[in-house]
1. Would you mind stating whether Asn8 is open to solvent by 60 Å² or more (accessible area, probe 1.4 Å) and in a helix (DSSP H, G or I)?
2. Based on what the data block shows, is Ile103 of a type in the set (A, V, I, L, M) and outside any helix (DSSP H, G or I)?
3. Can you pull out the residues in region 11-51 that are open to solvent by 60 Å² or more (accessible area, probe 1.4 Å) and either among the hydroxyl-bearing types (Ser, Thr, Tyr) or farther than 24 Å from Val137 by Cβ (or both)?
4. Of the residues that make up region 53-66, is at least one more than 30 Å from Lys160 (Cβ to Cβ), without any contact (Cβ under 8 Å) to a residue 12 or more places away in the chain, open to solvent by 50 Å² or more (accessible area, probe 1.4 Å) and in a helix (DSSP H, G or I)?
5. When the residues of region 72-111 are filtered to those that are without any contact (Cβ under 8 Å) to a residue 12 or more places away in the chain and farther than 15 Å from Leu135 by Cα, which remaining residue is least open to solvent (accessible area, probe 1.4 Å)?
6. Of the residues that make up region 110-122, is at least one touching a Pro at 6+ places or on another chain (Cβ under 9 Å), at pLDDT 95 or above and either of a type in the set (Asp, Glu) or within 13 Å of Phe52 (Cα to Cα) (or both)?
7. Are there any pairs with C-beta distances below 6 angstrom linking a residue in region 26-41 that is under 14 Å from Ala58 (Cα atoms) to a residue that is open to solvent by 40 Å² or more (accessible area, probe 1.4 Å) and of a type in the set (Phe, Trp, Tyr), with the two at least 6 apart or on different chains, and if so which?
8. For region 26-47, state whether one or more residues are within 22 Å of Val151 (Cβ to Cβ) and not aromatic (Phe, Trp, Tyr).
Amino acid sequence: MPILPLNNENLPYPDPMHPIVVHFVIAMVFFSFFCDVVGYFSRNVRLFEVSFWNMFVASVSIFVAVIFGQFEAGLAQPYSSVQPILNSHTITGWSLAAILVAITAWRFFIRTRDPLNIPVAYLGVATFLICLVSLQVYLGTQLVWVYGLHVEPVVEAAKKGVLR
């Protein structure tokens, strides 16, 4: 029996927190990329500073998102057909956290050496990061909109044993 009472979405609080926090991280990573690309082509170095701080906050926030994701995945009672997608989403999420921190550290060193310039190689790696984040968004979207994790009718069906 759970220590905290669970609601109809199988959560101890009103709404899933993972999507709320993770959308913040996604927005910051995409906005950081946008600022770097526009800053690179327009030579507006102020955008590089905006980009760095967005990446820095995203690097911290992603761990909050991953922790909530792990907690909520544990409460989801995933059925067998959702398990491969949930496993991929989990592995990609932890990997993305490590990759984001590594790229942010690299961005910090770029910033300390030459705050007025961004190497093309960094933009290439940032493009890879955007692709990885997009994959993660796709997997997360499937978990909710295709498999219905933490969606009340699916939770009820799982409790009744209808889903396997």
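The values are calculated or read from the model by the stated rules, or taken from the named source; none is laboratory data. The shown structure was predicted, so the numbers you read here are calculated from the model rather than taken from an experiment. Glycine gets a Cβ as well: all are built from the backbone with ideal geometry, and neighbour counts include every protein chain shown. For accessibility, only protein heavy atoms count, side chains too; no ligands or nucleic acids. Shrake-Rupley method; radii C 1.70, N 1.55, O 1.52, S 1.80 Å.
1. Details: open to solvent by 60 Å² or more (accessible area, probe 1.4 Å): yes; in a helix (DSSP H, G or I): no.
Answer is no for this residue.
2. Numbers: of a type in the set (A, V, I, L, M): yes; outside any helix (DSSP H, G or I): no.
Considered against the rule, which asks whether it is of a type in the set (A, V, I, L, M) and outside any helix (DSSP H, G or I), Ile103 comes out as no.
3. Those that are open to solvent by 60 Å² or more (accessible area, probe 1.4 Å) and either among the hydroxyl-bearing types (Ser, Thr, Tyr) or farther than 24 Å from Val137 by Cβ (or both): Phe41, Ser42, Arg43, Arg46, Glu49.
4. Quick first cut of region 53-66, residues more than 30 Å from Lys160 (Cβ to Cβ) only: 53-66.
Now narrow it down to the ones that are without any contact (Cβ under 8 Å) to a residue 12 or more places away in the chain: 53, 60.
Then keep just the ones that are open to solvent by 50 Å² or more (accessible area, probe 1.4 Å); that gives 53, 60.
From what is left, the residues that are in a helix (DSSP H, G or I) are 53, 60.
Scanning region 53-66 turns up at least one residue that is more than 30 Å from Lys160 (Cβ to Cβ), without any contact (Cβ under 8 Å) to a residue 12 or more places away in the chain, open to solvent by 50 Å² or more (accessible area, probe 1.4 Å) and in a helix (DSSP H, G or I).
5. Here the answer is Ala105.
6. First, the residues of region 110-122 that are touching a Pro at 6+ places or on another chain (Cβ under 9 Å): 110.
With the extra rule that they be at pLDDT 95 or above, the set shrinks to 110.
Still in the list and also either of a type in the set (Asp, Glu) or within 13 Å of Phe52 (Cα to Cα) (or both): 110.
Within region 110-122, one or more residues are touching a Pro at 6+ places or on another chain (Cβ under 9 Å), at pLDDT 95 or above and either of a type in the set (Asp, Glu) or within 13 Å of Phe52 (Cα to Cα) (or both).
7. Listed pairs, sorted by first residue: none to list.
8. Within region 26-47, one or more residues are within 22 Å of Val151 (Cβ to Cβ) and not aromatic (Phe, Trp, Tyr).
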